[in-house]
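Please treat every number below as a calculation from the coordinates, not as lab data. All of these numbers come straight from a predicted model, not from anything done at the bench. Note that we place each Cβ from the backbone using ideal geometry, even for glycine, and neighbour counts take in every protein chain shown.
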Amino acid sequence: MQETTVPAARISAWDLPTRVFHWTLVALVIAAWASFEFSEELGDPRLVWHRWNGLAVLTLIVWRILWGLAGPSNARFKSFVRGPSAALTYARDLYTGTPRHFIGHNPLGGLVILALLGLVGAIGTLGLFTLEHNDLATGPLYKYAGEAWAKIWTSWHRFLFEPILIILIVVHVAANVLYGVVKKEPLIPAMITGKKPAADYEDIDRSAPISNPLSRAIALLATAAIIVFGGILAFGGKLP
Amino acid sequence: MLRAALVAASLLVIPAAALAQNAEVIKERKANFKAMADAAKPTGAMLKGEADFDLAAVKNAIKVFQEKAALQGKLFPDDSKEGEKTEALPAIWENKADFEDRFVKLAAAAKAAETSITDADTFEAEWPEVMGNCGGCHKKYRKPKD
């Protein structure tokens, strides 16, 4: 009982913009699925909601790429993207029970994050070139694909979501739940509160905050929106 | 032994015969869907901005939709679930009332469009409502295309 009376020291792992990004992306991916699946019930045969939703997802992904280049160290690609051998070594240590702790992403988790971002970005990008099967809606850059290719991109747009992204999301969620239950590392609360309990983190030296994270995040969000919407308009695409 | 062989043979033959019996109805409904798809094709090009508005093509699609939709509900008897490369999903026979009602709705929407669509603007606004009947039904009752 005694240890509960002493509050454990908690240190910062995830900055506010990274957390807001994460949960907004969760909501938008669910909404993207729902706005397609229930378009009839929503009275939206031209998928207007789904198309705006996709542009929002793309903006978020571009923002996350910028944040991975100019954000705080734990969110930076440079600090969490490791090679496959580092990931394999980590996987082996995990299997043999060798304790290793990271304040940011571990080498294996970092690759999953990269895959998730890449996959969602690919699905959103393919969506720009798709064709609804009754010709009711097209992606804004559909004319560059033409009908035959658009049909191919459309099937990839679907396939990368179901089953590929869904499988990866299941892996991602299951791993985070297991870390909490088996290893007693509260990774899910950390993505909500931003804090992890103080421990012997091997990447702690790389972990450093940036000044004015909020204003920087907002400036990068504006940049991301300009890239996505400006890019589509520059190529003569029509917004939904 | 002979009896067993006969039973086995009849098990093989009866479903084949049942399929053969209904080949016609499946062919017929597929031809109707094809006619609707062909009639819808030019309207899709207009919606995508690839073709200019053409009232005659829209009127033709409206006519074909009403004619064919009136026939389709009856062309899914219980013994036409398989064969002839049908894309019909079992869900059709599990929700027969909803499925048949969709053709009624499609015909009604096409009928309403007869008067509501007069120019490019009303076409843009109203035609997706008619065509939405196709997509909504395909999503529930047609095998997904690869």
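Structural remarks
- Residues (touching a Lys or Arg at 6+ places or on another chain (Cβ under 6 Å) and more than 12 Å from chain A (Cβ to nearest Cβ)) located in the range B:21-65: B:32, B:35
- Yes/no for residue B:61 being of a type outside the set (Asp, Glu) and farther than 21 Å from residue B:31 by Cα: no
- Output for the range A:187-234, where each listed residue is on the phi > 0 side of the Ramachandran plot and either buried (at least 17 other Cβ atoms within 10 Å of the Cβ) or touching a residue at least 24 places away in the same chain (Cβ under 8 Å) (or both): A:194
- Pairing residues of the range A:111-135 that are of a type in the set (Phe, Trp, Tyr) with residues that are in a loop (DSSP other than H, G, I, E, B), at Cβ distances under 6 Å and at least 6 apart in sequence or on separate chains, gives A:129/A:139; A:129/A:141.
- The requirement of being within 14 Å of another protein chain (Cβ to nearest Cβ) and either surrounded by fewer than 20 Cβ atoms within 10 Å (Cβ to Cβ) or free of Cβ contacts under 8 Å to residues at least 40 places away in the same chain (or both) is not satisfied by residue A:78.
- Residues of the range B:105-127 that are assigned to a helix (DSSP H, G or I), surrounded by 14 or more Cβ atoms within 10 Å (Cβ to Cβ), touching a helix residue (DSSP H, G or I) at 6+ places or on another chain (Cβ under 7 Å) and not polar (S, T, N, Q): B:105, B:106, B:107, B:109, B:110, B:111, B:113, B:123, B:126, B:127.
- Residues that are surrounded by 13 or more Cβ atoms within 10 Å (Cβ to Cβ) and closer than 19 Å to residue B:40 by Cα are absent from the range B:88-95.
- Test: residue A:179 is touching an Asp or Glu at 6+ places or on another chain (Cβ under 8 Å) and in a helix (DSSP H, G or I): yes
- Within the range A:130-150, the set of residues being at the interface with another protein chain (Cβ under 9 Å from one of its Cβ atoms) and assigned to a loop (DSSP other than H, G, I, E, B) comprises A:132, A:133, A:134, A:135, A:136, A:137.
- Number of the condition not met by residue A:33 [criteria: (1) within 14 Å of chain B (Cβ to nearest Cβ); (2) buried (at least 19 other Cβ atoms within 10 Å of the Cβ); (3) among the aromatic types (Phe, Trp, Tyr)]: (2)
- Applying a threshold of 6 Å to beta carbon distances and a minimum spacing of six or more residues, or different chains, the list of pairs starting in the range B:32-51 at a residue that is farther than 27 Å from residue A:240 by Cβ and ending at one that is part of a helix (DSSP H, G or I) reads B:32/B:68; B:32/B:71; B:32/B:72; B:35/B:64; B:35/B:68.
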